[in-house]
1. Going by the alpha-carbon gyration tensor, a ≥ b ≥ c the square roots of its eigenvalues, is region 268-378 rounded (a/c under 1.5) or, if a/c is not under 1.5, prolate (a/b greater than b/c) versus oblate?
2. Over region 355-430, what is the relative contact order in whole percent, taking alpha-carbon pairs under 8 Å and six or more residues apart?
3. Under a 5 Å amide H to amide H cut-off, with H placed in plane at 1.01 Å, what residues pair with D532 once short-range neighbours are removed?
4. Checking the a/c ratio against 1.5 first, then a/b against b/c, what shape does the Cα gyration tensor give for region 1-115?
5. So for each of 404-414, 453-463 I average, over its residues, the number of other beta carbons within 10 Å; can you give me the resulting order with the highest mean first?
6. Expressed as a rounded percentage, what relative contact order does the chain have, with Cα pairs under 8 Å and six or more residues apart?
7. Using DSSP to define loop residues, name the trypsin sites (Lys or Arg not before Pro) in region 292-379 whose beta-carbon has at most 13 other beta-carbon atoms within 10 Å.
8. Could you pull out the GluC sites (Glu not before Pro) across region 1-101 that fall in loop regions by DSSP (anything but H, G, I, E, B) with no more than 11 other Cβ atoms inside 10 Å?
Amino acid sequence: MADYLIIGGGLAGCVLASRLKEYEPALKIIIIETGPDATENPLITEPMGTMQLHNSPFEYNYKTVPQEHYDGREVFQAGGKLLSGSSAVNYAAWTRGDRADYDLWAKLVQDKRWSYDGLLPYFRRTESHHDSNVDPHQHGFSGPIHSTPALDRTYPLTAQLKAAYATIGVKPIPDHNGGDNKGMAPHIENWFKGKRQPAGKAYNLSGIEVQTNKTVKRITLSPSSNNRPKATSVELDNGETLTASKEIILSCGALHTPQLLMLSGIGPSDELAKHNISCLVSSPHVGKNLTDHSSLTQFYRINHPERGLCAPNPAFNHPSFIEGFPTDYIIAESTPTPLIKAALATDLNVPETEISDTHSHISPPRSHYEILPMYAPTEVPLTNMGIPFDGSIISIGILNLLPTSRGSITLPPPSNPDEAHAITTPPLIDPNYYATATDRAILRSAIRRNISAFELLMQGDDPVVEAEVPPPGFPQLTSKSTDEEIDARVRRCAGTFYHVSGSCSMGSGGGEGGGGRVEGVVDSECRVLGVDGLRVVDASVIPTPISAHYMVAVYALAEQMADIIAGRA
C-alpha cells in the first residue's frame, strides 16, 4: 500500500512526488505512468529532436473531432506519453504570462493563493534565473529549472525584425516573465547548456516508486464514515490493483484526467448514461470548460536565402543554433478595446454600451495575443501547406492567448458494444476553436499587426522579405485583406500550440462571464468535489486561460499544491 498514488508521471506528477517525498521522507509514493522513461533518448534531450517527436511513440498523437469553425477540419493535438510528460517533448518555451491572468484565476475561485502574488513564491522556487541582476522579488536563482535566453544565439534577421515591430509601435520590455508581458522581450527557454530539462530529471525522484509502461483503468471508490465515497485504490489495465492510505492524485493532463474520472463513474450523469457507466458521483462539469490556444502560422519567403538567414541553410551553421529553438524574441499585446467590446457585445447579444470598461477581458489591460517569429519553417501537422525546408522561409506563430471559446472532453463509444470502455481509447477532443466573435477579433487583430511589420520588411532597395507564402489557392494576406479573407485563412490553416487546460476546472457556482465563481470539478485545494481522498493536479484545473505557454504555470501549480497537501500553505 502506498501513502500517495500519483496517476500520471507528467510534469505535475513528478513535481508533486518529489516535493512530498522531500517534505516527509518516510512517505511511500508511487507514480504510475503509461509511457516509458525516455529521458536519455537523444530525441528528448536535444533541441533539434523536438521536430521529430510529433507522431512518435513518445507523444499522444490525437486528432480533435471535426471543428465547425475550421471548415470541419480535424486538428492535430499532442502531448507527452512518457515520464516527465510534455516537459520532455515540448518546445521548452519558458513564459509565465501576465499578472492579470492569475489574479482573475484567484477571483474566480475566491482564493488569493492562486493570484499572481500568491503564486510568485512558487515561480521563484522553480527557477534558476540566468541573469543575477534581475529583480529578486520576481525571480529565483536556486530552483531546479535553469532559464536560458534565446539571445545567447545571434540570428542574422534579429535587427531587421526588431526594427520593423518597433516601427509599428511594439514597445520593448526587458523581461517577459516579470508580471507584465505586454511588449517585445527576449524569449526565454528552459534548455540548459543545449539540453532539455524534463521534470522527472530536474526534480529528484529517488526513493519514489516509479512504475512506467502501466496504465490505470479506473479509480475504485469505497464508502467512508461520512457517507461520501472515498477513492481508495486504482485498477490497472493488466488487472493489478494498487491502494493508497492517504490520497490518490490525478495528474493525467487536460485530455486524460476527465476521461479517467468519467470511466471511474465520476462525471456528468447524462454523459455516463450514454455509455452505460454507473454514475457514482454526479459531477456535471467534468470534461467541460476545455480551452486551448488556437494559432495561425504565417510563412514568408526571404530574399537571398544564400546569405544563411534562416535554418536549415548551410550558412546557418554556428554551433549555438542547435542549442535551442530557432527564435529569439517574443511579443504579447492587447487587442484594441473597441474591437473587444464590439465582439463581446456580439457574443453576449447585448448592445455594446452594456459592455463595461471593467469587463475581465478588458481591465486590467490583458495580453490577448502572442507573436513568435521563428527562423525556420514550422508547418502545422495536417494542414498540408507544403512549405519547403530549404533555408528560404521564416515562420511567425500567432496565438490567441485568451480565448473565450470553450470546448469539451467526452468519451468515445467503445470499439465493440459488448466491451467496456478502455482508457487506452482516445477521448473525443472538441476545443471548439474560433467559435466566438471575441476570438475572431483577437486573432484578426494579431494577424494584421504582424502583416504591418512584414510589409515594412518588403520595402526598400534590398528588402529582406520577398512575399508571404499562402496555402494553395489562397491569396496572400496584406494590410488590405478583409476580415473574411483572414477568417478563411484561419479556417484553412489554423492549429494549436498544445496548451489545453480547464477540463476539470477549479471552482464552483456561477459562470466566468458573469464575474462570479467559475463552475468547477475541484475546489481551490484541487480536491474533487463530492469525493474524499481524490485530487486533480494538472493543467485541467486551471479555470481561465493564461497568456503563456503553460509549463511555468503548471510548475507553480504543482509546487503550491505540494505545500497545500503537506500542510505547509
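Readers should treat all values here as calculations from the given coordinates under stated rules, not as data from a laboratory. Just so it is clear, the model here is predicted, and its values are computed rather than measured. All Cβ positions, glycine included, derive from the backbone under ideal geometry; neighbour counts span all protein chains shown.
1. Numbers: a/c = 3.44, a/b = 1.57, b/c = 2.19.
Cα axes put region 268-378 in the oblate bin.
2. On the way: 70 pairs, mean separation 20.2, N = 76.
Here the relative contact order equals 27 percent.
3. K230, A231
4. On the way: a/c = 1.83, a/b = 1.14, b/c = 1.60.
Verdict is oblate for region 1-115.
5. Numbers: 404-414: 19.6, 453-463: 14.7.
Going from most to least packed, we get 404-414, 453-463.
6. Numbers: 1363 pairs, mean separation 123.0, N = 569.
After rounding, I find 22 percent.
7. Details: sites: R301, R307, K341, R366; in loops: R366.
Passing both the DSSP loop test and the Cβ count: no residue.
8. Details: sites: E22, E33, E40, E59, E68, E74; in loops: E33, E40, E74.
Hits after loop and neighbour filter: E40.
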